[in-house]
(Lines give C-alpha, C1' and ligand atoms only; values in the text may rest on other atoms or scores of the structure.)
Protein backbone atom coordinates (compact mmCIF):
# COMPACT_ATOMS: atom_id res chain seq x y z
CA UNK A 1 0.00 0.00 0.00
CA UNK A 2 1.06 3.51 -0.73
CA UNK A 3 1.42 6.13 1.98
CA UNK A 4 -0.72 8.44 -0.18
CA UNK A 5 -4.14 8.67 1.49
CA UNK A 6 -6.15 9.48 -1.65
CA UNK A 7 -4.51 6.68 -3.63
CA UNK A 8 -5.29 4.22 -0.84
CA UNK A 9 -8.89 5.40 -0.45
CA UNK A 10 -9.63 5.34 -4.17
CA UNK A 11 -8.00 1.92 -4.58
CA UNK A 12 -10.00 0.47 -1.69
CA UNK A 13 -13.16 2.00 -3.10
CA UNK A 14 -12.42 0.41 -6.49
CA UNK A 15 -12.13 -2.98 -4.79
CA UNK A 16 -15.52 -2.38 -3.15
CA UNK A 17 -17.00 -1.35 -6.53
CA UNK A 18 -15.74 -4.59 -8.11
CA UNK A 19 -17.25 -6.64 -5.29
CA UNK A 20 -20.54 -4.76 -5.54
CA UNK A 21 -20.64 -5.34 -9.29
CA UNK A 22 -19.98 -9.05 -8.77
CA UNK A 23 -22.77 -9.22 -6.19
CA UNK A 24 -25.20 -7.44 -8.51
CA UNK A 25 -24.49 -9.87 -11.34
CA UNK A 26 -24.26 -13.08 -9.30
CA UNK A 27 -26.99 -12.51 -6.71
CA UNK A 28 -29.33 -9.94 -8.20
CA UNK A 29 -28.92 -10.81 -11.92
CA UNK A 30 -28.49 -7.11 -12.67
CA UNK A 31 -26.15 -6.50 -15.60
CA UNK A 32 -26.54 -2.89 -16.77
CA UNK A 33 -26.24 -0.97 -13.50
CA UNK A 34 -23.51 -3.34 -12.33
CA UNK A 35 -21.37 -2.29 -15.30
CA UNK A 36 -22.04 1.39 -14.61
CA UNK A 37 -20.97 1.15 -10.97
CA UNK A 38 -17.95 -0.93 -11.96
CA UNK A 39 -16.83 1.54 -14.60
CA UNK A 40 -17.28 4.76 -12.65
CA UNK A 41 -16.25 3.29 -9.27
CA UNK A 42 -12.93 1.98 -10.56
CA UNK A 43 -12.27 5.03 -12.72
CA UNK A 44 -11.90 7.26 -9.66
CA UNK A 45 -8.72 5.51 -8.55
CA UNK A 46 -7.40 5.01 -12.06
CA UNK A 47 -7.61 8.74 -12.78
CA UNK A 48 -6.11 9.60 -9.40
CA UNK A 49 -3.20 7.26 -10.14
CA UNK A 50 -2.76 8.89 -13.54
CA UNK A 51 -2.78 12.33 -11.92
CA UNK A 52 0.09 11.37 -9.63
CA UNK A 53 2.07 10.43 -12.73
CA UNK A 54 1.08 13.61 -14.57
CA UNK A 55 3.74 15.48 -16.52
CA UNK A 56 2.57 18.92 -15.52
CA UNK A 57 0.46 20.75 -12.95
CA UNK A 58 -2.21 21.20 -15.61
CA UNK A 59 -2.24 17.45 -16.33
CA UNK A 60 -2.35 16.68 -12.60
CA UNK A 61 -5.36 18.94 -12.00
CA UNK A 62 -7.10 17.73 -15.17
CA UNK A 63 -6.92 14.07 -14.11
CA UNK A 64 -8.03 14.84 -10.57
CA UNK A 65 -11.01 16.73 -11.99
CA UNK A 66 -11.94 13.62 -13.97
CA UNK A 67 -11.61 11.51 -10.81
CA UNK A 68 -13.87 13.99 -9.00
CA UNK A 69 -16.50 13.78 -11.73
CA UNK A 70 -16.35 9.98 -11.73
CA UNK A 71 -16.91 9.99 -7.97
CA UNK A 72 -19.96 12.22 -8.44
CA UNK A 73 -21.27 9.86 -11.11
CA UNK A 74 -20.72 6.88 -8.82
CA UNK A 75 -22.83 8.61 -6.14
CA UNK A 76 -25.63 8.82 -8.69
CA UNK A 77 -25.45 5.09 -9.51
CA UNK A 78 -25.37 4.19 -5.82
CA UNK A 79 -28.52 6.23 -5.20
CA UNK A 80 -30.23 4.47 -8.12
CA UNK A 81 -29.19 1.06 -6.76
CA UNK A 82 -30.53 1.90 -3.30
CA UNK A 83 -33.78 3.45 -4.48
CA UNK A 84 -34.54 0.51 -6.77
CA UNK A 85 -33.86 -2.03 -4.02
CA UNK A 86 -30.74 -3.60 -5.51
CA UNK A 87 -28.66 -2.75 -2.44
CA UNK A 88 -29.63 -2.35 1.20
CA UNK A 89 -29.45 0.99 2.96
CA UNK A 90 -26.54 -0.17 5.17
CA UNK A 91 -24.35 -1.01 2.16
CA UNK A 92 -25.39 2.21 0.46
CA UNK A 93 -24.49 4.33 3.51
CA UNK A 94 -21.07 2.70 3.84
CA UNK A 95 -20.15 3.29 0.20
CA UNK A 96 -21.78 6.71 0.01
CA UNK A 97 -19.90 7.93 3.10
CA UNK A 98 -16.62 6.68 1.66
CA UNK A 99 -17.34 8.54 -1.58
CA UNK A 100 -18.08 11.72 0.35
CA UNK A 101 -14.66 11.48 2.01
CA UNK A 102 -12.98 10.87 -1.34
CA UNK A 103 -14.78 13.84 -2.89
CA UNK A 104 -13.73 16.15 -0.06
CA UNK A 105 -10.10 15.08 -0.33
CA UNK A 106 -10.07 15.41 -4.12
CA UNK A 107 -11.72 18.84 -3.95
CA UNK A 108 -9.17 20.04 -1.41
CA UNK A 109 -6.22 18.76 -3.45
CA UNK A 110 -7.56 20.36 -6.64
CA UNK A 111 -8.27 23.67 -4.90
CA UNK A 112 -4.88 23.85 -3.20
CA UNK A 113 -3.08 22.84 -6.38
CA UNK A 114 -4.75 25.65 -8.27
CA UNK A 115 -4.04 28.18 -5.52
CA UNK A 116 -0.47 27.24 -4.70
CA UNK A 117 0.84 25.98 -7.98
CA UNK A 118 1.79 22.73 -6.18
CA UNK A 119 1.91 19.43 -7.97
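The values are calculated or read from the model by the stated rules, or taken from the named source; none is laboratory data. Bear in mind the structure is a predicted one, so any value in this text is a computation, not a measurement. As a convention, Cβ positions derive from the backbone with ideal geometry for all residues, glycine included, and neighbour counts pool all protein chains shown.
Quick look at the numbers
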read-out	value
Residue 78, sole failed condition from (1) at pLDDT 95 or above; (2) not in a helix (DSSP H, G or I)	(2)
Among residues of region 4-48, those that are over 14 Å from the mean Cα position of the chain (by Cα) and within 20 Å of residue 63 (Cα to Cα), counted	1
Candidates 98, 115, 70, 91 - the one that is out of contact with any helix residue (DSSP H, G or I) (no Cβ under 8 Å at 6 or more places or on another chain) and not in a loop (DSSP other than H, G, I, E, B)	115
Some residue of region 104-112 being farther than 14 Å from residue 6 by Cα and without any contact (Cβ under 8 Å) to a residue 60 or more places away in the chain	yes
Condition check for residue 47: assigned to a helix (DSSP H, G or I), buried (at least 17 other Cβ atoms within 10 Å of the Cβ) and either in contact (Cβ under 8 Å) with a residue 12 or more places away in the chain or touching a helix residue (DSSP H, G or I) at 6+ places or on another chain (Cβ under 7 Å) (or both)	yes
Condition met for residue 13 (buried (at least 19 other Cβ atoms within 10 Å of the Cβ), in contact with a helix residue (DSSP H, G or I) (Cβ under 8 Å, 6 or more places away or on another chain), closer than 17 Å to residue 76 by Cα and touching a residue at least 12 places away in the same chain (Cβ under 8 Å))	yes
Residue check, residue 82 over 10 Å from the mean Cα position of the chain (by Cα) and either under 12 Å from residue 10 (Cα atoms) or buried (at least 17 other Cβ atoms within 10 Å of the Cβ) (or both)	yes
Members of region 52-66 found to be touching a helix residue (DSSP H, G or I) at 6+ places or on another chain (Cβ under 9 Å), farther than 27 Å from residue 81 by Cβ and part of a helix (DSSP H, G or I), listed by number	52, 57, 59, 60, 61, 62
